[in-house]
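The values are calculated or read from the model by the stated rules, or taken from the named source; none is laboratory data. Everything numeric here is computed off the predicted structure, so don't read it as measured data. Positions of Cβ are backbone-derived with ideal geometry, glycine not excepted, and every protein chain shown enters the neighbour counts. When the accessible area is computed, the model is the full protein with side chains, heavy atoms only, and any ligands, DNA or RNA have been set aside. Shrake-Rupley method; radii C 1.70, N 1.55, O 1.52, S 1.80 Å.
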Amino acid sequence: MTKLITRRHAAGGLILGAGGLLSGCDALGDNQTFRKVIYSGDGINRRLQRLVSDRGALAREYSPREMSPRFRTNGTRDPTNPEYTALAKGGFANWKLTVDGLVERPLAISLNQLRSMPARSQITRHDCVEGWSAIGKWTGPRLSLILDMARLKPAARYIIFHCADAYRGGTEPYYESIDLIDSFHPQTILAWAMNDSPLSIGHGAPVRLRVERQLGYKHAKYVMRIEAVASLDHIRGGKGGLWEDMAGYDWYAGI
Ligand SMILES: Nc1nc2c(c(=O)[nH]1)N[C@H]1C(S)=C(S)[C@@H](COP(=O)(O)O)O[C@H]1N2
Ligand SMILES: [Mo]
């Protein structure tokens, strides 16, 4: 936890130091006004976020010997949704990723198709808000490749990831969303492999999002459907993700 806060302080200091707005303030993460302005979810603030931080920068990548010997699973570890369990039983041979919403060409992509696309591998550190981190290797096609295949309509602004699980046996399905900058970021991938093995059910099989500049809860596991939308307002609770709706987590979880 402390590590994350420190990193946020560091980023905040850099951002505002450069702009000269609040330089000298070294506890920006504790400053509620700052947090409200930078991390809250409405459109103007998202645009501000974009102005003050280098959203295209890459997350640090690590070497194979730095990989964590153990990478824990968190949140849902074994979805109980009958549609999902049936697909899992069949080794996900009948699984298809739906890509729809504001796209010219809706898609249904099989796991084999996804696995045959040009893939990127990256060894990165996953940071969970609950206070643990782990370094692992992720492999899969860039999300941008799939979005380019589907051809976003001009009104598209956000990409929603609809997942197969409901958190803690509840009825609200997990979902997450990111903006187009993160969607087209080179390290944003749909991972079907982890540590050189097919993704396990615990880690989100058959496919999970990796959006390396953001905290753990944005990395949607068990992705079933990708939807392009113009606004998050009318999606579920309207805050862009299950944790955002349920527990007030920041929609933008960049670190
Ligand atoms: N569908 C889904 N995605 C999810 C979660 C979840 O419960 N369901 N938990 C999130 C949280 S809080 C974290 S830290 C990571 C955990 O990923 P891991 O199980 O591979 O460690 O997945 C994220 N994505
Ligand atoms: Mo997390």
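Placing a label point 7 Å from the Cα of ARG77 along the Cα-to-Cβ direction, the residues of segment 185-227 whose backbone N falls under 18 Å from that point are 199-206, 217, 221-222.
Pairs with C-alpha atoms separated by more than 18 Å, drawn from the list LYS137/LYS221; LYS96/LYS137; LYS218/LYS239, are LYS96/LYS137. Sequence-distant contacts, meaning Cα pairs under 8 Å at least 6 residues apart, place the relative contact order of segment 150-255 at 31 percent.
Note on surface exposure: LYS221, LYS153 rank LYS153, LYS221 by accessible area, highest first, 1.4 Å probe.
The accessible-area ordering, largest first, of the residues GLU212, GLU83 stands as GLU83, GLU212, per a 1.4 angstrom probe.
Taking the inverse of the mean 1/r over every pair of distinct Cα atoms in segment 139-255 gives a Kirkwood hydrodynamic radius of 14.3 Å. Counting heavy atoms of the protein chains alone, VAL103 has an accessible area of about 10 Å² for a 1.4 Å probe.
Which of rounded, prolate or oblate describes segment 120-186 when judged by the alpha-carbon gyration tensor and an a/c cut-off of 1.5? The shape class here is oblate.
Using a/c under 1.5 as the rounded threshold, could you call segment 181-228 rounded, prolate or oblate? The axes a ≥ b ≥ c are square roots of the C-alpha gyration tensor eigenvalues, and prolate needs a/b larger than b/c, oblate otherwise. Provide the component values of the computation, followed by the final result.
Working: a/c = 1.78, a/b = 1.44, b/c = 1.24.
Note, shape of segment 181-228 comes out prolate.
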